[in-house]
1. With B:154, B:163 as the choices, which residue is part of a helix (DSSP H, G or I), in contact (Cβ under 8 Å) with a residue 24 or more places away in the chain and under 17 Å from the mean Cα position of the chain (by Cα)?
2. What is the residue count in segment A:228-249 for residues that are farther than 17 Å from residue A:87 by Cα and either more than 9 Å from chain B (Cβ to nearest Cβ) or touching a strand residue (DSSP E or B) at 6+ places or on another chain (Cβ under 6 Å) (or both)?
3. Across segment A:23-73, what is the number of residues that are in a loop (DSSP other than H, G, I, E, B) and either closer than 13 Å to residue A:108 by Cα or in contact (Cβ under 8 Å) with a residue 60 or more places away in the chain (or both)?
4. For segment A:52-66, how many residues meet the condition of being within 14 Å of chain B (Cβ to nearest Cβ) and either more than 23 Å from residue A:214 (Cβ to Cβ) or surrounded by 14 or more Cβ atoms within 10 Å (Cβ to Cβ) (or both)?
5. Kindly establish whether residue A:252 is modelled with pLDDT of 95 or more, over 19 Å from residue A:86 (Cβ atoms) and within 13 Å of chain B (Cβ to nearest Cβ).
6. If a residue must be touching a strand residue (DSSP E or B) at 6+ places or on another chain (Cβ under 6 Å), in a helix (DSSP H, G or I) and either closer than 18 Å to residue B:208 by Cα or within 8 Å of chain A (Cβ to nearest Cβ) (or both), how many such residues does segment B:78-109 contain?
7. Answer yes or no as to whether residue A:148 is modelled with pLDDT of 95 or more and part of a loop (DSSP other than H, G, I, E, B).
8. May I ask you to say which residue of B:190, B:218, B:170, B:224 is away from every other protein chain (no Cβ under 14 Å) and buried (at least 22 other Cβ atoms within 10 Å of the Cβ)?
């Protein structure tokens, strides 16, 4: 099982010693699910994008009524690709990522994993991001137009534990969640990040609008911390934690 | 002149002592300029949004060819509302803003100022942000639907110096730019931010994709610093500087 998942991935990255893995977990990113494909709001929105309804990203801004009347499971955690977009742009704009010290994984609410190659310039324009994600969900892989290098890859049905242990190859996983032990970004990073350690720590952050990790995630975390006195958005937590990681890993 | 600008604003905010002003300067946010209103890409995009071409935000993702063939001035700095969106979401998601210690001003490339009230929930969905900004450029003011409070206000033709001195009421203005003196976010904030100071410092960050501040901005800055060894995106600089401000102002 473990080997199978590793073998399924065609995207490989070599990270430097003393690197960090960031997992954006239960990420609110998926295409419109079957139950609501025939809803008028979904059909109209797909027509505007010139796509089939099944190719379009589920998005509360357009599909709210379909999501509610279609009685989607865990509906409060779904249809927010903008949250995942912000979280990804935040992580991939850091010197930590740009200098090959950060691996980023999106683990979706549907147990899909998005693997991200080195030097990916994720679009800040939502229109372009949306196009990229729709293509990824359809083709399962995005290659560079210049050199055919794999930039993004989508794997289906991956257990969270396998993502941490076999794909991210992390020996420790730390959740950052409003339900965790009260701490600060500096304290968490000082405790778990070491510039000489090649068993990189996985930092797990929720990619959904509200609520806490489901048991599928929290049962496999070694520890959970809350780094704000008030609830912070995922992208704010990412910015702060990666900045503190840089201070340790680059000694700035 | 000074009084006139203050009088023109209807939005007032009371900030706590020891607060900070953030100015997103030369922000790449405007409606489509007259020169290119009749370009086919502009007309088609406006039709999709069900708006007049003059109401639509200038956006390189849709209007690139019109911007190039229309020979817009300073074209490399324009048509990136996504950059302003990211910068604003970053700033307005911080505890510093949420706890009334941060005033945020957008100073556009066309010398317009966007004033931002307290507790504004800026949409993370670009679709909603775009709608909000189009409405603001058209109506000059956005009010809360609940209590008629002014949330956003747009002022035309404001000199940068007046923004700093009379609107932000800052005695010092510090630019963060790749052309500035090499430093760190911690050092800059330690030097200029004081929790007992009520003459708040204005931190000025470019809201455009590349290049440096024009003389219209840099001539009025007291000092400029670069806080990254590599060029950082505006939203990354905002996240780091405001986080360091919080450490001083909230003593965390």
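1. Details: B:154 fails: part of a helix (DSSP H, G or I).
None of the others qualify; the one that does is B:163.
2. 3
3. Start the filter on segment A:23-73 by keeping residues that are in a loop (DSSP other than H, G, I, E, B), which leaves A:28-30, A:32-33, A:37-39, A:50-52, A:56, A:58-59, A:70-73.
If we keep only those that are either closer than 13 Å to residue A:108 by Cα or in contact (Cβ under 8 Å) with a residue 60 or more places away in the chain (or both) too, we end up with A:28-30, A:51, A:56, A:58.
Counting residues in segment A:23-73 that are in a loop (DSSP other than H, G, I, E, B) and either closer than 13 Å to residue A:108 by Cα or in contact (Cβ under 8 Å) with a residue 60 or more places away in the chain (or both) gives 6.
4. Taking segment A:52-66 first, the residues within 14 Å of chain B (Cβ to nearest Cβ) are A:56-64.
Applying the additional criterion that residues be either more than 23 Å from residue A:214 (Cβ to Cβ) or surrounded by 14 or more Cβ atoms within 10 Å (Cβ to Cβ) (or both) yields A:56-63.
The number of residues fulfilling the criteria is 8.
5. Details: modelled with pLDDT of 95 or more: no; over 19 Å from residue A:86 (Cβ atoms): yes; within 13 Å of chain B (Cβ to nearest Cβ): yes.
Taking the combined requirement at face value, the residue does not satisfy it.
6. So the first thing to find is which residues in segment B:78-109 are touching a strand residue (DSSP E or B) at 6+ places or on another chain (Cβ under 6 Å), and the list is B:81, B:84, B:87, B:91, B:96, B:102-109.
Pick out the ones that are also in a helix (DSSP H, G or I) and you get B:81, B:84, B:87, B:91, B:96.
The next check asks that each one be either closer than 18 Å to residue B:208 by Cα or within 8 Å of chain A (Cβ to nearest Cβ) (or both); those that pass are B:81, B:84, B:87, B:91.
Going through segment B:78-109 one residue at a time, the tally reaches 4.
7. Numbers: modelled with pLDDT of 95 or more: no; part of a loop (DSSP other than H, G, I, E, B): yes.
Spelling it out, it is not the case that residue A:148 is modelled with pLDDT of 95 or more and part of a loop (DSSP other than H, G, I, E, B).
8. Details: B:190 fails: buried (at least 22 other Cβ atoms within 10 Å of the Cβ); B:218 fails: buried (at least 22 other Cβ atoms within 10 Å of the Cβ); B:224 fails: buried (at least 22 other Cβ atoms within 10 Å of the Cβ).
One residue alone meets the criteria, B:170.
The values are calculated or read from the model by the stated rules, or taken from the named source; none is laboratory data. No experiment lies behind these values; they were computed from the predicted model shown. Positions of Cβ are backbone-derived with ideal geometry, glycine not excepted, and every protein chain shown enters the neighbour counts.
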